[in-house]
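These notes concern the structure reproduced below.
The values are calculated or read from the model by the stated rules, or taken from the named source; none is laboratory data. Since the model is a prediction, treat every value here as computed from it, not as a measurement. We place every Cβ from the backbone using ideal geometry, glycine too, and count neighbours over all the protein chains shown. Quick note on the areas: whole protein, heavy atoms, side chains included, nothing else; ligands and nucleic acids left out. Shrake-Rupley method; radii C 1.70, N 1.55, O 1.52, S 1.80 Å.
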Amino acid sequence: VALCKGFFFCGQEPFVADEYIERLAWRTPGGGSRGGEAFDPKRLLEEFVNHIQELQVMDERIQRKVEKLEQQCQKEAKEFAKKVQELQKSNQVAFQHFQELDEHISYVATKVCHLGDQLEGVNTPRQRAVEAQKLMKYFNEFLDGELKSDVFTNSEKIKEAADIIQKLHLIAQELPFDSLMGFCCYPLSSPGKYHDLECQLIQEFTSAQRRGEISRMREVAAVLLHFKGYSHCVDVYIKQCQEGAFLRNDVFEDAAILCQRVNKQVGEIFSNPETVLAKLIQNIFEVKLQSYVKDQLEEHRKSDAEQYLKNLYDLYTRTTNLSSKLMEFNLGTDKQTFLSKLIKAIFISYLENYIEVEIGYLKSRSAMILQRYYDSKNHQKRSIGTGGIQDLKERLRQRTNLPLGPSIDTHGETFLSQDVVVNLLQETKQAFERCHRLSDPSDLPKNAFRIFSMLVEFLCTEHIDYALETGLAGIPSSDSKNANLYFLDVVHQANTIFHLFDKQFNDHLMPLISSSPKLSECLQKKKDIIEQMEVKLDMGIDTLNCMIGQMKHILAAEQKKTDFKPEDENNVLIQYTNACVKVCGYVRKQVEKIRNSMDGKNVDTVLMELGVRFHRLIYEHLQQYSYSCMGGMLAICDVAEYRKCAKDFKIALVLQLFDTLHALCNLLVVAPDNLKQVCSGEQLANLDKNILHSFVQLRVDYRSARLARHFS
């Protein structure tokens, strides 16, 4: 098996001894039970022995082959190691040769540098002498007055001529005029020829720019760089760049396109492109933009404040946007300050008094919006009280003189308008946006507060507060018949408007003042406004008196004495009285109106007050009648219906009061023998005995000796 395993291990498939022996036995005749053939162990043993011998022979042959291969591998390894050693020795020799060569090269280089220094020391004076000789030659031509050299007569060599004249001009300026040499050199030091050549160079630069020859422009600009007229060359370039660049109505877009084009070109022409581009931008701002802004603003500055502010905001925004685009270019070290100064120079005269114009316009515009609304209603505004919050609280505490005078009829008008509010908020929103853009950062919170104060004055005081005061004055007295309670409509609209006001406060004012001391002032001002309005809404609680008064009128008109003491006890067909139906219908409408008019805790507070008063009214109303047995049942049905109505209040106290009232009404129909048991029930046990007695007294059979005896 071991031999077989060693042999088959060299194959592709893994060797399994058991399977191998099974296959060998299966192939041997008599080694298995194939086809009923008898098992022959001797024959199988003989086959195994023969097979083992074959495997041993094969193993020996393979072993000899392995040994031969190992010997060959060892021999080749020794040869390879010997070859590596020889290569290492060759590498060391080559490295030594390289070091020697490097030292030799360094020695030669040192000699060459020394020789170069010596040659330069000899050549430099020689070159200077040659240049001096040439300058003296040209100097003689100037003294003779005849320029014969080709460099002066050939227009294509203007660059070389400029270099010569520049050097002679500098030399002549250094010589004193009172000396003979200085006097002779005066033609060179005078502006004549120098400026003539300078003009020629500038003219050549101009012509090259018109032809679009960038390379020629670069050459001439490089020559002019050493002349005094170099700045004039830049001015000419800037002037010609702008020719035909501002043909559209959008001067800002034209300026951006021009600067983009010049930025790509200026680096190929001038050695200081950032200075040239900055000078171009400065020229555009100081000439084109300043003139354009002045024309747009001066036209409306005194005649139309609205258009003036819109134009100022638009022009300033577009100018700053242009500045942002120009920030992408290389304009020197502090381009932010450079562009800011240019913008400030254009708008400084307009921004100094911006906020005064803004406040004046906002004030007149807001007053016009309000007046136009009141004129459309044919309403003449009345003067309203100017007392503070403490005065309002005192009026509320005393509950006296709540209306502004005699009750007035507003004909259902709330004097609140969504259109007016939207217009005022829109004007203020635009003012905040202009303020954010046009105000100096140090003045921004202060200016925003002034705009907010205008909004408070015209929206909160002149519109909402006036409507509340007018609504309070229009509240009818509690004994009025068919009174229309429009004050709740005023409350509903005022609540909606104040939500819009609060949204603008958070969205547009807060970002402008969030990090300044003005934040606390604005929050306090807003808090005072809210508190003042809530006090006036509390004063409007007299509306509930009117509701109760309306209920009294309904009960007085619809409730009959015979309702609870019918003539025919056996022929009562109604489930509850007509007065109950009308009162419940009226109450449900008022509850829905209150829910629609208010929000938050104010709803629960007002509904609780109304529910308590509603309970008191029904309680006192039931005390006015005498009840027969069937009438008492009808009263219980009425109170059950009132209790259903009370559930709409969703106030636990109100529902509890009507539950107790319903329990009291049971005393009107309970049998005399059961009175004490009912009175000691869960809902009536804690009530005063006088209250229980007062209800029992309403029974028509109260005076019977039996009833009086049982109740006592």
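Enumerate by residue number the chymotrypsin sites (Phe, Trp or Tyr not before Pro) in region 39-97 meeting two conditions: DSSP loop (anything except H, G, I, E, B), and at most 12 other Cβ atoms within 10 Å of the site's Cβ. Walk me through the numbers on the way to the answer.
On the way: sites: Phe39, Phe48, Phe80, Phe95; in loops: Phe39.
Here the sparse-neighbourhood loop sites are Phe39.
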Karplus 3J(HN,Hα) series, Hz, for region 447-454 with 6.51 cos²θ - 1.76 cosθ + 1.60 (x for Gly, Pro)
5, 4, 5, 5, 5, 4, 5, 5
For Arg699, distant residues with modelled amide H under 5 Å away
Tyr627
Find the centroid of the Cα atoms in region 231-250 and in region 484-518, then give the distance between the two in whole Å.
53
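Once R0 is set to 35 Å, what does the formula 1/(1 + (r/R0)^6) return for the Cβ-Cβ distance between Lys552 and Gln656, expressed as a FRET efficiency to the nearest 0.05?
Values: r = 23 Å, r/R0 = 0.67.
Calculated transfer efficiency: 0.90.
With r defined as the distance between the Cβ atoms of Val700 and Glu592 and R0 fixed at 35 Å, what FRET efficiency is calculated, to the nearest 0.05? Don't skip to the end; give the middle numbers.
Working: r = 39 Å, r/R0 = 1.10.
The calculated FRET efficiency here is 0.35.
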PRE zone check, label point 7 Å out along Cα-to-Cβ of Arg301, amide N under 20 Å, scope region 319-359, hits 319-320, 342-359
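Solvent-accessible area per residue for region 620-712 at a 1.4 Å probe radius, Å²? Could the numbers behind the result be given before it?
Values: 4740 Å² over 93 residues.
Per residue, region 620-712 has 51 Å² of solvent-accessible surface.
If each residue of separation counts as 0.36 nm, what is the full-extension length gain between Asp688 and Asp502 once their alpha-carbon separation is subtracted? Display every interim value, and only then the final one.
Values: separation 186, 0.36 × 186 = 66.96 nm, distance 4.97 nm.
Gain on extension, Asp688 to Asp502, equals 62.0 nm.
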Ignoring ligands, DNA and RNA, what percent of the accessible area of region 563-710 is carbon or sulfur (1.4 Å)?
50
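Please report the carbon-and-sulfur percent of the accessible area for region 280-382; probe 1.4 Å, protein heavy atoms only, DNA, RNA and ligands left out. Can you show the working numbers first?
Values: 2550 of 5610 Å².
Answer for region 280-382 is 45 percent, counting heavy atoms of protein chains only.
About its Cα centre, what dipole magnitude does region 88-127 give when the only charges are +1 on Lys and Arg Cβ and -1 on Asp and Glu Cβ, stated in debye to the nearest 20? Numbers along the way, then the final one.
Values: 3 positive and 5 negative charges, 17 e Å.
Result for region 88-127 is approximately 80 debye, rounded to the nearest 20.
Please work out how much length the chain gains when fully extended from Asn50 to Lys82, using 0.36 nm per residue of separation minus the C-alpha to C-alpha distance, in nm with one decimal. Don't skip to the answer; put the middle values down first.
Numbers: separation 32, 0.36 × 32 = 11.52 nm, distance 4.90 nm.
Contour length minus Cα-Cα distance gives 6.6 nm.
Gain in length, Gln127 to Arg248, computed as 0.36 nm per residue apart minus the alpha-carbon separation, to one decimal in nm? If you can, show how the numbers build up before the last one.
Details: separation 121, 0.36 × 121 = 43.56 nm, distance 5.77 nm.
Taking 0.36 nm per residue and subtracting the Cα distance, the gain is 37.8 nm.
I want the local charge near Ala448. Using Cβ-Cβ distances under 14 Å, sum +1 for each Lys or Arg and -1 for each Asp or Glu among the other residues.
Details: positive: Lys429, Arg434, Arg437, Lys446, Arg450, Lys518, Lys525, Lys526; negative: Glu358, Glu433, Asp440, Asp443, Asp507, Glu521.
It works out to a net charge of +2.
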Column: log10 I(q)/I(0), Debye, Cα scatterers of region 563-710, q = 0.12, 0.14, 0.15, 0.21 Å⁻¹:
-0.54, -0.70, -0.79, -1.30
May I ask you to give the solvent-accessible area per residue for region 493-537, in square angstrom, as obtained with a 1.4 angstrom probe?
50
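Evaluate E = 1/(1 + (r/R0)^6) for Gln290 and Glu328, where r is the Cβ-Cβ distance and R0 equals 30 Å; express this FRET efficiency to the nearest 0.05.
0.85
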Roughly what would the spin-label model give for Ser207 and Glu534, points 7 Å off Cα along C-beta, in nm?
8.7
Cβ-based charge dipole, region 319-385, positive-most Cα from Tyr354, Thr337, Ser323:
Tyr354
Over 24 Å (Cα to Cα) - which of Lys310/Lys363; Lys302/Lys344; Lys310/Lys377; Lys288/Lys310; Lys525/Lys593; Lys601/Lys650 fall in this group
Lys310/Lys377; Lys525/Lys593
